[in-house]
There are 2 protein chains.
Amino acid sequence: MAAALSAQQLSEKHRSTLDQALETIHTRAYWSPHPEHPKAYGDSAAGDGKAAFEALLGSRFQLDQPGTDGWVDGEVSPYGIELGVEYPHPDPEMLLPAMRAGMGTWRRAGAEGRAMVCLEILARISARTHEFAHAVMHTSGQAFMMALQAGGPHAQDRGLEAVAYAYAEQVRTPQTAEWSKPQGKRDPVNLTKTFTPVGRGVSLLIGCNTFPTWNGYPGLFASLATGNPVLVKPHPRAVLPLAMTVAAAREVLAEAGFDPNLVALAAEGPGEGLAKRLATRPEIRIIDYTGSSAFGDWLEENAVQAQVFTEKAGVNTVVVESTDDYRGMLSNLAFSLSLYSGQMCTTPQNLLIPRDGIATDAGHKGYDEVVSDLAGAVDRLLSDDAKATAFLGAMVNPQVKERIEAAAEQGEVALASRSITHPEFPGATVRTPVLVKADGARKQWDGADTEAPYLSECFGPVAFAVAVDSAADAVDLLRHTVHSRGAMTVGAYTVSKEVERMVEDACLDECAQLSLNLTGGVYVNQTAAFSDFHGSGGNPAANAALCDGAFVANRFRTVEVRRPA
Amino acid sequence: MAAALSAQQLSEKHRSTLDQALETIHTRAYWSPHPEHPKAYGDSAAGDGKAAFEALLGSRFQLDQPGTDGWVDGEVSPYGIELGVEYPHPDPEMLLPAMRAGMGTWRRAGAEGRAMVCLEILARISARTHEFAHAVMHTSGQAFMMALQAGGPHAQDRGLEAVAYAYAEQVRTPQTAEWSKPQGKRDPVNLTKTFTPVGRGVSLLIGCNTFPTWNGYPGLFASLATGNPVLVKPHPRAVLPLAMTVAAAREVLAEAGFDPNLVALAAEGPGEGLAKRLATRPEIRIIDYTGSSAFGDWLEENAVQAQVFTEKAGVNTVVVESTDDYRGMLSNLAFSLSLYSGQMCTTPQNLLIPRDGIATDAGHKGYDEVVSDLAGAVDRLLSDDAKATAFLGAMVNPQVKERIEAAAEQGEVALASRSITHPEFPGATVRTPVLVKADGARKQWDGADTEAPYLSECFGPVAFAVAVDSAADAVDLLRHTVHSRGAMTVGAYTVSKEVERMVEDACLDECAQLSLNLTGGVYVNQTAAFSDFHGSGGNPAANAALCDGAFVANRFRTVEVRRPA
């Protein structure tokens, strides 16, 4: 039977997009084929997307995948509505062999064939961006616009970026080569060699609650594009966006003549611990994980049969030493602290501010003044409840709220967290950030038995304004924090070339991604696909970066066959 | 103080070589800048090299590296002479911090600067190829010509190949980029971004006894070129070639203005187990290892703080199904079995031959006839004792001899191993291969409690002529062997397109490197740098291949700094 989607059709449709992605990962210039503006998806997209999402509620999510031994549900939206979607629960003994069955055909598609199928999957997902936005919103608690952008185009960008890296890596070695070795006066020896990228085996994606698509797509598409089946194990509170992704992938695979079981869902029952059980199975050769450091470390230490890519937790620091745009700095930081209620792995937690204050374009500002001005900037940003919810979203889980309350007991509260009633979803828990003053004197953190509260990750809208004795001390505390706790992001504000160099050296030594003097519309917690690396992979917060050669190179191996020419 | 060797001088000398290497890893054509012929090194090279080697004997090998807490010796040549060289023994508490001290300067040299220094180190080693040949010969037991070629130019090629991959990987991301994101009617946001490759930390090279330089150089140069200090822990019986390498590296680093402690030696006392002690230290972030599966598996499971690259052991198979060049096949196989007395990780062990015999250009040959013809071919190749030692070399250690004797008790001996007295070194243990008949019926190997002797790796000149019921059975046994034991190489002889396809599919499915119908001057156990992959990294024999993107990509991380443009 001929495939409904031929390789040629797919190539005509997507090859130029792949080429542009390949070029952009080299130039690192701005580019995206996925529009950020909701209106770009057409006049009816908003209504259609909402209706499609609502039609899923309370239904059984049929995937028609083998090895289903029951159905599980239980997602509750952070906005208070019950999703009531039932998902197939897998029997790995049946499902894993079925997923491997299509590997040979998928291998024979070649690097380009696989890339084109991946781009078609992304295109189908892109066309449903509004529907995905609702699914991401009602599982992560992100505000709608953020769910649309981060969960839609930005996630699709990261997926496409991974496909581009995967493709580039596989075609570094030619498919065939002629090899002729001179033998002095005798005839040369001649060999014909073929090189074939082969996948490692089943790849396991362990999804997270806050960014199911954004953090899930890089691993999913990197593994699929390099020839591996992908088993998607979503966070139990954020299944829907990944179930929709799996459905789209299966649909395209089948239409293009491949085994749809190359992508499958593994939804779990409450408290089942399915990820742990799957992760050490011999069939699982690759794992992508986003979540807590505890489980990420466990995976790195125990899933030794697999290539393990983790994004865990860190403690993100911003050094505030001086600025020539005090207002811009305050509003930029206020936005960074407020966006999605600080529930991003990239949100700053510790703001290191010299006890003696900082030089600014508005004159010298004391430590207390900087802190209260920042508190004021956050207050102003979030003064209108309805508008505030559009930045804040909802608390993703009850633990975040508990941490806000615990943080307020750690020191003098410079800005108290406020409860906001969501105008549309009264069941949502919406909280503004808390800002706590803390003592950054060296004796508070430099020693074996120091337990400064700001040295622990406090996931959520909690920030510490840490008073340090000098810029040099700030840099030392930054180094110590990245080295011992890890960091997804570092920021710094300084007009001093000397301090800039010190911070830069610290980040190079400890392997952390640095944003300097951001005062406009770019925020330390946001990275752009094709240009920015998300995480470094070189400090305790993550063992991989999105996206680079190391993220894709070991997902496949190259098999050589040589024969006399 | 200005460096004796400037970056510009090094670039003028080596940049074109790097460029050629970069081109060749893409074309996979034949190329080498390191001559194989001993005479290519000049008229006096042979004498000078021997004299230089002899001058080292019985001496203390001074490296002037910090943290030396004593001296160790104990190498005995497989040719019977005592080397008597003393090496510094390290105190890791002192040495490891000293090795890290130069990382910042090394990082600032950039990808090209580091590559040029690596190429200068290789050039210095290349100029001393004859001296290295004696050192490799008298630690590995390789015959002189093989020690010169495999330990000299071929090892240098593999080192250069690793530098080329490392360089290419680091420059995939530009050093700087301008990023401009449109904002509709507002001005675009503009950022300037810098990207810097940074090493992970100290890299540990755990050397092997049989190919100290060939197996050591890829990891050493890949790590050094990506910004990491390298601690070289040689096999206690093969220290000298790597000590000479470390000395050459330290000399060049110092001359080029870098800290010589970026490369250091860790020689160990008898039974000290230094590799195990070093491998799990937090400073060690990368490990390259060649040796037994037991210790390689231990490293993979326990050194979880490091990137671990292993080459372990496997069971190499050749399927003998049919041929149109019976004589060529026999002589090719005879050479493969005899070279370095089968003490290569790539030497075939199991020859799978249909019980009913095979079709050849010399008519149908029964199983017994093929086996006895192969035995005859080995006998003829090694009939002259003096010439035979030039292929065989010496037994690297006493265990190999024991395995030859044990193998002879596993079945009917088709070719007995013979002792040869080395004309120049009477103390050497020289043995010809043993060929043992074995039953490859499915019930012998397909089952949980089967223990066919040929399913264990029998390192050394031991081969099994395994009688199988059919070509299909041979392919199944091949699959089973690669899957459960791993394989560095697979060979096959067949004129049948159908059998060829079956063998090829098995190798693609199980991720093994395949050589088809080799009858001339290329052997299944030899791979050429820049063109052939050594190992696949996808079966139990090794978790990495020499050399590909995956071998270098995770030895460094890229730190990004972004600032408003």
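Under the condition of being more than 21 Å from the chain's Cα centre (by Cα) and outside any helix (DSSP H, G or I), which residue from region A:493-514 is farthest from the other protein chains (Cβ to nearest Cβ)?
Checking each candidate, the answer is A:Ser496.
Could we say that B:Ala386 is out of contact with any Ser or Thr (no Cβ under 6 Å at 6 or more places or on another chain), modelled with pLDDT of 90 or more, among the hydrophobic types (A, V, I, L, M, F, W, C) and over 18 Å from B:Leu352 (Cβ atoms) here?
Taking the combined requirement at face value, the residue does not satisfy it.
Residue under question is B:Leu333, and the condition is that it be in a helix (DSSP H, G or I), at pLDDT 95 or above and surrounded by 24 or more Cβ atoms within 10 Å (Cβ to Cβ); does it hold? Please lay out each step first, then the result.
Numbers: in a helix (DSSP H, G or I): yes; at pLDDT 95 or above: yes; surrounded by 24 or more Cβ atoms within 10 Å (Cβ to Cβ): yes.
The answer is yes for B:Leu333.
Taking the residues in region A:14-54 that are assigned to a helix (DSSP H, G or I) and in contact with an Asp or Glu (Cβ under 7 Å, 6 or more places away or on another chain) as candidates, determine which candidate is surrounded by the most Cβ atoms within 10 Å (Cβ to Cβ).
Per the criteria, the residue is A:Ala21.
Say whether the condition of being part of a loop (DSSP other than H, G, I, E, B) and surrounded by 20 or more Cβ atoms within 10 Å (Cβ to Cβ) is met by at least one residue in region A:364-380.
No, region A:364-380 contains no residue that is part of a loop (DSSP other than H, G, I, E, B) and surrounded by 20 or more Cβ atoms within 10 Å (Cβ to Cβ).
Condition test on A:Gly538, is it free of Cβ contacts under 8 Å to residues at least 60 places away in the same chain, at the interface with chain B (Cβ under 9 Å from one of its Cβ atoms) and surrounded by fewer than 24 Cβ atoms within 10 Å (Cβ to Cβ)?
Against the criterion (free of Cβ contacts under 8 Å to residues at least 60 places away in the same chain, at the interface with chain B (Cβ under 9 Å from one of its Cβ atoms) and surrounded by fewer than 24 Cβ atoms within 10 Å (Cβ to Cβ)), A:Gly538 does not qualify.
Looking only at region B:164-180, count how many residues are under 30 Å from B:Pro234 (Cα atoms), touching a strand residue (DSSP E or B) at 6+ places or on another chain (Cβ under 9 Å) and facing chain A (nearest Cβ under 9 Å).
Total satisfying the criteria: 1.
Being more than 30 Å from B:Gln183 (Cα to Cα), more than 13 Å from chain B (Cβ to nearest Cβ) and assigned to a strand (DSSP E or B), is that true of even one residue in region A:468-480?
Checked region A:468-480: at least one residue is more than 30 Å from B:Gln183 (Cα to Cα), more than 13 Å from chain B (Cβ to nearest Cβ) and assigned to a strand (DSSP E or B).
Which condition from (1) assigned to a helix (DSSP H, G or I); (2) among the aromatic types (Phe, Trp, Tyr); (3) under 30 Å from B:Val85 (Cα atoms) is the one that B:Phe211 breaks?
Here B:Phe211 clears every test but (1).
Taking interchain pairs and intrachain pairs at least six residues apart, which have beta carbon atoms under 8 angstrom, with the first residue in region B:181-194 and farther than 20 Å from A:Pro38 by Cβ and within 8 Å of chain A (Cβ to nearest Cβ) and the second assigned to a strand (DSSP E or B) and among the aromatic types (Phe, Trp, Tyr)?
B:Leu191/B:Trp179; B:Lys193/B:Trp179
Of all residues in region B:1-58, how many are away from chain A (no Cβ under 14 Å) and among the hydroxyl-bearing types (Ser, Thr, Tyr)?
Adding up the residues that qualify gives 6.
Go through region A:138-190 residue by residue and tally those that are part of a helix (DSSP H, G or I) and touching a Leu at 6+ places or on another chain (Cβ under 8 Å).
Residues in region A:138-190 being part of a helix (DSSP H, G or I) and touching a Leu at 6+ places or on another chain (Cβ under 8 Å): 13 in total.
Is it the case that region B:449-461 has a residue that's in a helix (DSSP H, G or I), farther than 30 Å from A:Ala492 by Cβ and within 11 Å of chain A (Cβ to nearest Cβ)? Show your work before the answer.
We begin by selecting, within region B:449-461, every residue in a helix (DSSP H, G or I); these are B:453-455.
Checking which are farther than 30 Å from A:Ala492 by Cβ leaves us with B:453-455.
Narrowing further to those that are within 11 Å of chain A (Cβ to nearest Cβ): none.
No, there is no match, as no residue in region B:449-461 is in a helix (DSSP H, G or I), farther than 30 Å from A:Ala492 by Cβ and within 11 Å of chain A (Cβ to nearest Cβ).
From the list A:Asn525, A:Asn517, A:Asn554, exactly one residue is within 8 Å of chain B (Cβ to nearest Cβ) and surrounded by fewer than 23 Cβ atoms within 10 Å (Cβ to Cβ). Which is it?
Result: A:Asn517 is the single residue among A:Asn525, A:Asn517, A:Asn554 that is within 8 Å of chain B (Cβ to nearest Cβ) and surrounded by fewer than 23 Cβ atoms within 10 Å (Cβ to Cβ).
Which of the residues belonging to region A:386-401 are out of contact with any His (no Cβ under 8 Å at 6 or more places or on another chain) and either among the hydrophobic types (A, V, I, L, M, F, W, C) or within 10 Å of A:Thr432 (Cβ to Cβ) (or both)?
The answer is A:Ala386, A:Ala388, A:Ala390, A:Phe391, A:Leu392, A:Met395, A:Val396, A:Val400.
Output the number of residues of region A:479-502 satisfying the condition of being of a type in the set (S, T, N, Q) and more than 21 Å from A:Tyr523 (Cβ to Cβ).
Final tally of qualifying residues: 2.
The values are calculated or read from the model by the stated rules, or taken from the named source; none is laboratory data. Here the structure is a predicted model, which is why all the values come from computation and not from measurement. Reconstructed Cβ throughout: ideal geometry from the backbone, glycine too, with neighbour counts over all protein chains shown.
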